[in-house]
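Structure first, commentary second.
The values are calculated or read from the model by the stated rules, or taken from the named source; none is laboratory data. None of these values were measured; they are calculated from a predicted model. Cβ coordinates were reconstructed from backbone atoms using ideal geometry, including for glycine residues, and neighbour counts include every protein chain displayed.
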């Protein structure tokens with residue numbers, strides 16, 4: 001790639017050499033690891049921008065979470081660093097990335113590679129490093145705010161509010177003060193939704209109509225992608241448009257007053 005990219009022009013019947021400039025490489029979170037060669041969001045250093053903030057894992061576990069705030073009574077070795085402010089996350093540094101990559105590339109055997117991989121958050125060299133005209137890795141890659149805002153956050157909040165998220169054996173759902181959309185409360189919420197036919201989105205579709213459309217698509221076994229897209233609209237409606245207006249009498253101010261859930265997005269994103 002450093003010498004350029006050879007391309008066949010079928011119209012002119014010639015082979016020519018191009019030197020493309022790669023401005024941005026982007027994908028969803030799991031797919032981006034194939035482009036940037038980093039460990040991914042579940043690794044000890046899982047930031048797709050290669051910031052030096054280390055994740056946290058459960059005692060005995062190997063899945064790391066990007067928890068900026070240190071949990072109470074948390075003493076897992078190597079992960080018990082102090083709180084990290086979301087507004088002061090350090091950016092990725094190309095020089096530090098290259099130094100860490102060299103450590104991984106010098107691994108003499110699979111076992112040493114595994115150790116260096118965990119220590120640096122890098123699994124392999126990025127294919128984008130082969131282009132002569134591109135921003136330095138990892139600065140040439142973008143984030144995945146679309147899935148974060150449209151799917152991940154809504155799914156997480158709904159599962160927490162409904163008490164359907166997976167529960168740790170040492171935990172008890174009976175103590176979850178945020179699980180308020182359960183039993184008759186959830187039915188009350190549904191009845192409240194049904195009375196708000198005046199609330200519509202940019203496509204002039206009501207909140208209740210979205211649920212009806214989704215149920216119809218599922219019953220008719222329509223294309224799964226259509227169901228998926230409609231479900232995204234439902235999630236977005238619930239969290240960002242209607243949750244305050246139609247659930248005020250159901251959830252009241254419990255979630256916001258207790259501040260059990262706080263979502264912070266860095267200012268520089």
Residue under question is residue 159, and the condition is that it be over 24 Å from residue 34 (Cα atoms) and assigned to a helix (DSSP H, G or I); does it hold?
yes
Search region 162-187 for residues being part of a helix (DSSP H, G or I) and at pLDDT 75 or above, and hand back the single one that is farthest from residue 33 (Cα to Cα).
184
Restricting attention to region 22-34, report how many residues are touching a strand residue (DSSP E or B) at 6+ places or on another chain (Cβ under 8 Å) and surrounded by 10 or more Cβ atoms within 10 Å (Cβ to Cβ).
5
Elements of type helices (runs of 4 or more DSSP H) contained in region 22-137, each with 1 or more residues being closer than 27 Å to residue 151 by Cβ:
29-36
Would you mind telling me which numbered condition in (1) surrounded by fewer than 18 Cβ atoms within 10 Å (Cβ to Cβ); (2) farther than 23 Å from residue 27 by Cα residue 143 fails?
(2)
Residues of region 138-156 classified as part of a loop (DSSP other than H, G, I, E, B) and touching a helix residue (DSSP H, G or I) at 6+ places or on another chain (Cβ under 8 Å), total:
4
Tell me, please, whether a residue that is touching a helix residue (DSSP H, G or I) at 6+ places or on another chain (Cβ under 7 Å), under 21 Å from residue 152 (Cα atoms), in the same structural domain as residue 127 (by TED's automatic domain parsing) and modelled with pLDDT of 90 or more can be found in region 18-33.
no
Hey, any hits in region 35-46 for a residue that's surrounded by 14 or more Cβ atoms within 10 Å (Cβ to Cβ), in contact (Cβ under 8 Å) with a residue 12 or more places away in the chain and over 30 Å from residue 65 (Cα atoms)?
no
